[in-house]
1. Rounded to a whole number, what % of the accessible area of the stretch 302-451 do carbon and sulfur atoms account for, probe 1.4 Å?
2. Heavy-atom accessible area of Thr578 with all protein chains present, probe 1.4 Å, nearest 10 Å²?
3. How tilted is helix 83-92 with respect to the longest principal axis of the chain? Cα atoms for both, answer in degrees (0 to 90, nearest 10).
4. Could you give the Stokes-Einstein D for the stretch 329-397 in µm² per second, using the C-alpha Kirkwood radius, 37 °C, 0.692 mPa s?
5. Treating only the Cβ of Lys, Arg, Asp and Glu as charged (+1, +1, -1, -1), what charge dipole size does the stretch 11-121 show about its Cα centre? Round to the nearest 20 debye.
6. So what is the relative contact order for the chain, in percent, with contacts set as C-alpha pairs under 8 Å and at least six apart?
7. Over all distinct alpha-carbon pairs, what is the Kirkwood Rh of the stretch 164-220 in angstrom?
8. Once amide H atoms are placed 1.01 Å from N in the peptide plane, what residues at a sequence separation of 5 or more from Gly235, or on another chain, have their amide H within under 5 Å of its amide H?
Amino acid sequence: MEYDFRRIEKDWQKKWKASNAYKVANDFSKPKYYVLDMFPYPSGAGLHVGHPLGYIASDIYSRYKRLKGFNVLHPMGFDSFGLPAEQYALDTGQHPAETTKKNIATFKSQLDNIGFCYDWSREVQTSNPDYYKWTQWIFLQLFKSFYNRNTSKADSIDNLVAAFEKEGNAGHVCPGDASIKFSAAEWKAFDEKQKMDVLMEYRLSFCGYGEVNWCEALGTVLANDEVVNGVSERGGHPVVKKKLRQWYLRITEYADRLLQGLDTVDFSDAMKEMQTNWIGKSSGAEIDFAIKGHQQKLRVYTTRPDTIFGVDFMVIAPEHELVSQVKSEEQATAVDDYIAYVKSRSERERMAEKKISGVFTGAYAINPFDGREIPVWISEYVLAGYGTGAIMAVPCGDERDHKFAQHFNIPITNIIGSYYNGQEANPTKEAILENSGFLDGLVMKEAMEVAIQALEDNGIGVRKVNYKMRDAAFSRQRYWGEPFPIKWIDGIAYPLNENELPLKLPHVDSYKPGPDGEGPLANIQDWVDQKLETNTMPGYAGSSWYFLRYMDPDNTEAFCDKKVSDYWNQVDLYIGGTEHAVGHLLYSRMWTKVLYDLNLIGFDEPYKRLVNQGMIQGSSRFVYRINPSTAFAEKDFNIGSVFVSAGIRDK
């Protein structure tokens, strides 16, 4: 008798649904276990084969833990706001609200056909106003908070204002602009616009003008992790640099805690390395170099101040503001042409480029210790957003600098004696310095501290810890996203009252870009008349905290009751792809730390264990069985048949 699995499966699925077999209660008396899959974008006509790859494994493990007596939370939802969903709607000529609704229905039907044990009563959709009300609410908590470096945690902006009224900002260095300094009397004399501008430089969610990845075809700004080889990750459209007013998250303030937190979670070594490299913490000094014939100074960050006497040229980012001010008349055309070339390149593409390129600006910096004139170049391998956007190049100690010097015939100063062979750089810290003025005779690793002290004593440099990670762009010039709960009045951003949430996304028939790079909401006169922000939040806004809403999805008074989050706590097992290593995972970890700092949850890491399921690549590998012969094995070895690739067989 044939096993009619289709009929039997359908019958049992009906019974499971009717009996709420997979419904999960917040039963605090039972030990809990939280298994979570990264929820999908409902951006296509249905699931692709990669989705069930991870879902099947997590489903099996959830059933196992349930049989072992655990109260297992294993929910599913949809990351339904953002660029992927909107782009699918554009590609198919439909409204994103309609395509999202249809795609979610298809996804759910396919997931149910597979027979997963999801508790659909806990489903979340990031585009549902009942959900994004709380995304907007959390954004407001970020807006109303700053990172208190004295306590190493988020704190109320009201406490910052109280400190300013008492002592100015002497006890709170400005993270947005360290040059901002004022006394209590000066603070009290500021008008409202001045005060709000200062506070914006402290807020955890803040607005400012910055150079962003602009994709004309998509009509929006993309985060660094959404740009691959100079084109958009989704659609492959060209991306260029452009200055726009943007919202950001001040994730750089959490850099140290994000690094420290990696020691407390069970992520793969590869994943930890990716996040560590993305954060890119380093220690060194900032040094001010005078520029010959100009009042401006060139500030450089270096991790090797001990090599300052070996500086043979400077390189500044092509987009650095000093370039236009210091370029010579003779070099102006070459400089402008090179800048135009670089604007078409993504940061990843520039960092990965092996071909050496650059242009001499015609300007010279002055070594602050020996007065030597140092030529100033621009090159794409220096990025404006990392450090100060400028480097001091020491060819004998850095291979990239060495190749650059050789390529452009720049003379090389040897400060490390026999450690430099003239053919390649040596990044050693063990050499005894030569040709290095007051550092002569010191071992390099010992000279670092001496050099930093001399820089500070002479007022030409300061000790500095730096990070490669930048503050995260948090706005998109698109329609399909969470509206910002912000009004702009006389150039000041005012938060909406929390009782006005959710600020709902208006329905529009056309969602083409607005004027001057603004979002489609700028085309809605009623929206503009209310002075509401016309950008929308990025896709990662809703996914940064969704694991918390699954715990308490029907709560209308809070994003999640603290007693409930204390019970379910961290996600015990999180399954998803490595492509989210430096995007979603970092943002979610930051949001969790902020909520913890504000005493809204009781843990500061969202995911206790992360498993990456790998990727189905749609290709196969053929092997061939051969019998051993003297060509493959000596007679002393007794082996059976072996499998080899076709390439080896043909050889």
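The values are calculated or read from the model by the stated rules, or taken from the named source; none is laboratory data. The structure presented is a predicted model; accordingly, all values stated were derived computationally and were not measured. Note that we place each Cβ from the backbone using ideal geometry, even for glycine, and neighbour counts take in every protein chain shown. To get the accessible areas, we keep the full protein, side chains included, count just its heavy atoms, and leave off ligands, DNA and RNA. Shrake-Rupley method; radii C 1.70, N 1.55, O 1.52, S 1.80 Å.
1. Numbers: 3340 of 6730 Å².
Accessible surface attributable to carbon and sulfur in the stretch 302-451 totals 50 percent.
2. Result for Thr578: roughly 70 Å² accessible.
3. With rounding to tens, the tilt is 70 degrees.
4. Numbers: Rh = 13.5 Å.
Rounded to a whole number, D works out at 243 µm²/s.
5. Charge dipole of the stretch 11-121: 660 debye, to the nearest 20.
6. Working: 1150 pairs, mean separation 99.3, N = 651.
Result for the chain is 15 percent.
7. Numbers: mean 1/r = 0.0763 Å⁻¹.
About 13.1 Å for the stretch 164-220.
8. Here the answer is none, since no amide H 5 or more places off falls under 5 Å of that of Gly235.
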